[in-house]
Amino acid sequence: MNLFWREQTPLFIFYLIQLSLFPLIYWLEGYKEWSAPLYSAFLSFFLLVCYLVYRYASHRSFYRCLTRDADSLESTLQKTGNAPLPKAFDQYVEKQFQLYNREIIQYKNRIEDHINFITQWVHQMKTPISVIHLTVQGEENPKFRSIQDELDRLRKGLEMVLYASRLNRFEQDFLVEPIKLAQLVQQAISENRRLFIGNQVYPELLVPENLFVYSDEKWLSFVLNQLITNAVRYSAGKGKKIAFYADRQGEKAFLEVRDEGIGIPKQDLHRVFEPYFTGQRGREFRESTGMGLYLVRKICDQLGHQVELESEEGVGTTVRIFFRQSPSHLTQS
């Protein structure tokens, strides 16, 4: 109704100006009786009211459509009336919707092509990395050990690219099942043993053998690898430890990754899960991409896990993952 009155305000003002001219015309013509001009004004005003009532009744759906919030694109395609203006509006919206759909489909196709290209490229890069790794494996020369370290970094970088590209199709690439948490953590530690040894940081496993959680093993392994990489990177130093602690909390289970690193400044804590945010520590450690914790949060959200982070400068950082359900009926035989 407010939109209707705002639209008709110029017409109403113009009508009042026109109506004020009636007495002047009658007076100039020499009429002294006011009954005729009053009757003319009343008749004119009555016709105006009839027109406004008709206008509002025939355009009511149109005005409602313009003033309500759209719940979805399909809701904007509802017919707004049979009057010429609503019909023209409906045709315009339908054409725009079709154009938008075509552009969205083209955009999705480009994204799919890009994701497929990235996936194929990563898999192609893994082959020469594996060949080089097998070539230098077992060599004691420090140069070969340095090559192996760089290969590990390259492999993790490719994995990050691959998993980041798969996030948009997460529902097509995950399987939730009971996972023995201690075994999964031990496997992640083994995969990163060269990283631990090279940085003189040592893992401490404090995960019960009989603790199972519901998750996707592949995605959760990637999350653990990201947390281990960050923990080791910011804890490098002789005698530093990274503790993996897990326990049950009611129906939930949680896993903590605690490091003894340099910690995160207080002003950066609220932004550590944002993409590409490196903060003060990222400027000190140029290898930081700002994507590790972002991917951890995104993947855990997709899996239904909750992520918390606590940190104190000079003391260390703790990342805690809460699993929605813990299958307490499963125990290690």
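The values are calculated or read from the model by the stated rules, or taken from the named source; none is laboratory data. A quick note: this is a predicted structure, and the numbers were derived from the prediction, not measured. Here the Cβ is made from the backbone with ideal geometry for all residues, glycine too, and neighbour counts use every protein chain on show. The accessibility values were calculated without ligands, DNA or RNA, using every heavy atom of the protein model including side chains. Shrake-Rupley method; radii C 1.70, N 1.55, O 1.52, S 1.80 Å.
What do you get for Rg/Rh over the chain if you use C-alpha atoms and the Kirkwood form of Rh?
1.32
How would you classify region 192-320 from its alpha-carbon gyration tensor, with a ≥ b ≥ c the square roots of the eigenvalues: rounded for a/c under 1.5, else prolate if a/b is greater than b/c, otherwise oblate?
oblate
I'd like the FRET efficiency for Arg145 and Arg102, computed as 1/(1 + (r/R0)^6) with the beta carbon distance as r and R0 of 51 Å, rounded to 0.05.
E(calc), rounded to 0.05, equals 0.40.
Could you identify which residue out of Leu66, Leu295, Leu211 has the top mean-square fluctuation in a GNM of the chain using Cα springs shorter than 10 Å?
Among Leu66, Leu295, Leu211, the largest GNM mean-square fluctuation belongs to Leu66.
Measuring with a 1.4 Å probe in the full set of protein chains, what accessible area per residue, in whole Å², belongs to the chain?
Ligands and nucleic acids excluded, the figure is 63 Å² per residue.
For region 182-278, which GluC sites (Glu not before Pro) pass both filters: DSSP loop (anything but H, G, I, E, B) and at most 16 other C-beta atoms within 10 Å?
When the GluC sites (Glu not before Pro) of region 182-278 are filtered for loop state and at most 16 Cβ neighbours within 10 Å, Glu209, Glu251 remain.
For the chain, which whole percent of the accessible surface, found with a 1.4 angstrom probe, sits on carbon and sulfur atoms?
Roughly 56 percent, rounded to a whole number.
Taking the Cα centroid of region 214-232 and of region 115-157, what is the distance between the two, rounded to the nearest whole Å?
Between the Cα centre of region 214-232 and that of region 115-157, the gap is 20 Å.
Would you mind calculating the gained length between Asp173 and Leu206 on full extension (0.36 nm times residue separation, minus the Cα-Cα distance), in nm to one decimal?
8.9 nm
For labels at Tyr51 and Leu16 in the simple 7 Å Cα→Cβ model, what's the distance in nm?
1.7
Beyond a 25 Å Cα-Cα separation, which of these cross-linked pairs lie in this structure: Lys87/Lys108; Lys126/Lys218; Lys79/Lys108; Lys156/Lys240; Lys240/Lys298?
Lys87/Lys108; Lys79/Lys108; Lys240/Lys298
Could you compute the FRET efficiency for Leu134 and Gln183, with r as their C-beta to C-beta distance and R0 at 22 Å, rounded to 0.05?
That gives a FRET efficiency of 0.25.
Please build a GNM for the chain, connecting alpha carbons under 10 Å apart, and tell me which residue among Ile118, Ile17, Ile179 fluctuates the most.
Taking springs between Cα atoms under 10 Å, the residue moving most is Ile17.
Counting helices only, and only those DSSP H runs with n ≥ 4, report the 222 nm mean residue ellipticity of the chain as the sum of -39,500 (n - 2.57) divided by its residues, in deg cm²/dmol to the nearest 500.
Calculated at 222 nm, the ellipticity per residue is -20000 deg cm²/dmol.
Under the classification rounded if a/c is under 1.5, otherwise prolate if a/b is larger than b/c and oblate if not, where does region 116-264 fall, given a ≥ b ≥ c as square roots of the Cα gyration tensor eigenvalues?
The shape class here is oblate.
What distance in nm separates the simple spin-label points at Asp247 and Glu33, each placed 7 Å from Cα in the Cβ direction?
10.2
Apply 1/(1 + (r/R0)^6) to the Cβ-Cβ distance of Glu94 and Arg60, taking R0 = 22 Å, and write down the FRET efficiency to the nearest 0.05.
Plugging the Cβ-Cβ distance into 1/(1 + (r/R0)^6) gives 0.60.
Could you give the alpha-carbon Rg of region 138-201 over 2.2 N^0.38 Å, rounded to two decimals?
1.46
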